[in-house]
1. For every helix of n ≥ 4 consecutive DSSP H residues, a contribution of -39,500 (n - 2.57) applies; sum these over the protein assembly as shown, divide by its total residues, and give [θ] at 222 nm rounded to the nearest 500 deg cm²/dmol.
2. Apply the a/c threshold of 1.5 to the C-alpha gyration tensor of region A:154-206 and tell me whether it is rounded, prolate or oblate.
3. Starting from the Cα of A:Glu125, step 7 Å along the direction of its Cβ; do the same at A:Asn89; then give the gap between the two resulting points in nm.
4. When DSSP beta bridges are limited to those with both residues in the protein assembly as shown, what percentage is antiparallel, rounded to the nearest 5?
5. Which of A:Ile363, A:Ile326, A:Ile346 moves most in a GNM of chain A, Cα contacts under 10 Å?
6. Rounded to the nearest 0.05, what FRET efficiency do A:Met331 and B:Ala284 give with R0 = 41 Å and r taken as the Cβ-Cβ distance? Could you check?
7. Using alpha carbons only, how many degrees (0 to 90, rounded to 10) separate the axis of helix A:49-64 from the longest principal axis of chain A?
8. Please tell me the relative contact order of chain B in percent, rounded to the nearest whole number, where contacts are Cα pairs under 8 Å and at least six residues apart.
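The values are calculated or read from the model by the stated rules, or taken from the named source; none is laboratory data. Not measured: the values here are computed from a predicted model. Cβ placement follows ideal geometry from the backbone for every residue including glycine, while neighbour counts extend to all protein chains displayed. Remember, those area values only see protein heavy atoms, side chains included, never the ligands or the DNA or RNA. Shrake-Rupley method; radii C 1.70, N 1.55, O 1.52, S 1.80 Å.
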Protein chains: 2
Amino acid sequence: MKELFLLDPDLVFLNHGSFGACPREVMQEYQRWQMEMERNPVEFLGRRSAELLAHSRALLAKTLGANPENLVYLPNSTTGVNTVARSLNLQSGDEVLSTDHEYGACDNAWNFVCQRSGARYVPVEIPLPFEAAEFTRRVWAGVTPRTRVIFLSHITSTTGLIFPIAELCRRARDAGILTVIDGAHAPGHIPLVLNSLGADFYTGNCHKWLCAPKGSGFLHVLPQHHDKVHAAVVSWGYSASITGHTGFDAYTGATLLERRLQWQGTRDISAFLSVPQAIRFQAAHNWDRVRQRCHALAAQTLQRIGDMTGLSPVCRDDDFAQMVVIPMPPMNPQWLKDTLFDDYRIEIPVTSHRDRLFIRLSIQGYNTTADADALVKAVGEILESRKGNP
Amino acid sequence: MKELFLLDPDLVFLNHGSFGACPREVMQEYQRWQMEMERNPVEFLGRRSAELLAHSRALLAKTLGANPENLVYLPNSTTGVNTVARSLNLQSGDEVLSTDHEYGACDNAWNFVCQRSGARYVPVEIPLPFEAAEFTRRVWAGVTPRTRVIFLSHITSTTGLIFPIAELCRRARDAGILTVIDGAHAPGHIPLVLNSLGADFYTGNCHKWLCAPKGSGFLHVLPQHHDKVHAAVVSWGYSASITGHTGFDAYTGATLLERRLQWQGTRDISAFLSVPQAIRFQAAHNWDRVRQRCHALAAQTLQRIGDMTGLSPVCRDDDFAQMVVIPMPPMNPQWLKDTLFDDYRIEIPVTSHRDRLFIRLSIQGYNTTADADALVKAVGEILESRKGNP
């Protein structure tokens, strides 16, 4: 399957998780939209864009188990988290409950908003090794009468864990606490039915595990919250009508959510329009099978490297899908990263959580057992070369 | 020059102003960056992006008469205005002085921020016909002890006027009032030397008159204000370092302005990287001469249609460059727009200001006298068909 993607064939690319990778045919669709836009940018952006986006969103909604009218495209999950965090009108003393596994950029967004409002961002510790059965209890123990929001990754970035969030979404709803889920790594990676999950706000990326072009993400908002959400960039959709320019009223969309969030000034919307092609690509290649194969290869590689290091995994087989962290003995993380890339042409991130060091393995459809073998061999040589070193 | 662009050859495209149009070779550069990104997205976005963006910004800065360290790329001017408006920490009672010719999306952004803070957005009337010599006096008459910001378009959207803003920037600085300039239509259209203009905040688009790919804009911030500006999307740059992910610290940039505004989650930065190609394209085609020719054709077309309608222009020859509004007698604006497009394949916006109706003519390098002739002929037939109608 490697030849269906555009990755440098000289690389062992084991970092789908950071920025994704896009198949050739999806990139072709992306660039075809761009060329079509240039034939008449006014018609494309000013008159057709709302309809084109609605059409694209319909298939994404189906894939996510969502209603299209609760969904709007955004460049990425970081934008989604910022949008929601700024919209919630947090008050002094409010608490945003979270974990110590969240993505740093999103921690920054919450800290920024909390500092301005006098609210508190409260990450609870989720210790490693990860105990999925303990997750709900540990998070819920952090709830106080001041908890207004629970913010959780669906799949964590530095530790690759699938957080079992459904029960927390249920309890939070019953308690009148809002749930905001950072699903950056989830779409195309694990099964999603947003309608039954019931998170108040769920943001995700299409450019990671759905393999869409970069800059395609979404925000899903339950209907009762549409009127609470405001755009990071307030634009035409906030007008009752487009004043001074005739014939453009349609382009900001029809619903309140569309009108507020869809038009964010002139930008290339081709990535959003190419999401259906990415969904069709995965369907055409029997992606459920691909995912199973990838998970098995990731699990096997975790095991093989664990056998060499003697370090236990920090999670069970059910706790990850195509992305897993592999514990490494203490060493300089930058040296490890550089050695893997410079000496072995292996692109893999080195992550850390508290005092633990990992390599974070992503296995995507284009990866082969040869890629995994290359990693195992490289790690073996690195461990060997360091024998006796602390 | 038409064949150097990608516009539908069956169209008479007289609306460069709304979304620009991009030459084929600039689009090729844009798509070449996208394909290069896909060879190793981690290296491109995670390790090289800050350096690539700095390189691109250097040439843009030269073109704008700016220092690269005061400049950051954003998707568009609307984002720039939102970013600044949200950053200024407006207080109850503060006034944002503006005009009644501002772009509606930006009016919305200021109104949104003012409503939240208790500040007031105060547009002063700039009557038509436009009297450039009166502009400074009229705006300045609106200054009160509560004026904290003066917000002005450099070139207006619905009326195509070049506002002579330099004197106001000077006076505002002396009075301790901040200036925020919406230069959406200015770069590549009129000469800019941001360092001598001295506006505190200046935002502009590269995808309009510089002919760069859509979604390429910038924000220019004088050094003494860098620490005041916060991103619409708070991301990794707000961390002291990238926690949990080794080897990515460089990608948010080096300076405070870069760190806060440059990284906004994963997105396609190829439009930003293609701005130098757009600048080179214009330089290679002797764009000062192109601009002169375009201005002359716009002025001549204004005159020819004025001779038919008997309506005087609302500005003098010095008050516009390649975009000018042509007064039309009262009629249904949507009907006029539809007739020009459906019956004549002329893409031109119909705009209005208070009770005045206009067609807004843009002449760009790809336009010919035949395009102007087609417009004159169409307007003549439309006027003829309506004779006797009120």
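1. -12000 deg cm²/dmol
2. Prolate is the answer for region A:154-206, as a/c is 1.5 or above and a/b outweighs b/c.
3. Modelled inter-label distance: 3.7 nm.
4. Antiparallel bridges: around 55 percent, rounded to the nearest 5.
5. Among A:Ile363, A:Ile326, A:Ile346, the largest mean-square fluctuation in the Gaussian network model of chain A belongs to A:Ile346.
6. 0.20
7. 40
8. Computed over chain B, the figure is 23 percent.
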